[in-house]
Amino acid sequence: MSMREETPDNKEKRPVMETVTEEKVKKERKPMPPQSLTWQTLRVILAGAAILATLFTIWTPASLFSSSLQERLAEALAQSSAADQTQMAAGLLPEGFPVDKIGIVVGHRGNDSGAVCASGLTELEVNSTIASFVQKKLTDLGYEVELLDEFDPRLVGYQAVLLLSIHGDSCEYYSDSATGFKIAAALSETKADNATRLVACMADRYQIITGLQYNYHTVTVDMTSYHAFTEIDPLTTAAIIETGFLNLDQEILTKKPELIADGIVAGIQCYLNNEGVSSTPTPTSEP
Ligand SMILES: [Zn+2]
């Protein structure tokens, strides 16, 4: 007897499981107005219609003679589901999406040391310590947290409710204003709303907790076009933070890494719990 076969017992349990999943998803998302349910239903119907239309289109006499009809069929279905996912990004995440999973990229790990100070201190050391504290704190809060290398193969198609890459800034002295943190989110039409809110949350909480200033006017193209942003699953919201300058902010970065981690975790919680933020300047990137 297959495990999937329905017994009266399974039938009774199923609605309870669905409710839990729905609640979990809602917890991370904005509250939906009642008409959204109708809209969701409509989307499903439209997606179904789109699949039928696609099937009808490829069902031409010519394709009947094609030996790769099955391949084309599979391709058409795959395209429809990708379109579906794009629609879902604006609302609820699809069932089965790991809404309790958070990925943390330890900046430069597995690749290079990042910024290096005359004393021998490296950005990689600083990033690693902070990332480990972030992992521990988020795990304590009930999330499944993975630490990833800079060019981790797992980043391709990576699915998580959030991916955050932790970096630090140069150890060279430029000027007295080369201090503070930067944050940038993945620029994407489907996730624009999430990305904006994530940046606002991270900037607000990190600034309050660490006392470091938000260097939003120096956010670079390197950050907004960060390599991992294009590798991950389109439904995974992602951001990169430069926690501070290894030169002028070295003391707090090396002596109070747990405080730095507290700032990051509070920002993540703010985003995931949809908490309010005081007005924060919007980062703009110089071309
Ligand atoms: Zn770096």
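Every read-out reported here was derived from the displayed coordinates using simple, explicitly stated rules and does not represent laboratory data. Source: prediction; values computed, not measured. Heads up, the Cβs are rebuilt from the backbone with ideal geometry, glycines too, and the neighbour counts pull from every protein chain shown.
General observations
- Subset of the stretch 114-123 [surrounded by fewer than 18 Cβ atoms within 10 Å (Cβ to Cβ) and either within 12 Å of the ligand (Cβ to nearest atom) or under 17 Å from Tyr174 (Cβ atoms) (or both)]: Val116, Cys117, Ala118
- The stretch 237-256 - residue that is touching a residue at least 12 places away in the same chain (Cβ under 8 Å) and of a type in the set (Asp, Glu) and, of those, surrounded by the fewest Cβ atoms within 10 Å (Cβ to Cβ): Asp249
- Checking Val134, Val105, Val126 one by one, the residue that is closer than 23 Å to Ile183 by Cβ, away from the ligand (no atom under 13 Å from the Cβ) and not hydroxyl-bearing (Ser, Thr, Tyr) is Val134 and no other.
- Residue that is nearest to Ser177 (Cα to Cα), among those in the stretch 212-236 that are surrounded by fewer than 24 Cβ atoms within 10 Å (Cβ to Cβ) and among the β-branched types (Val, Ile, Thr): Thr218
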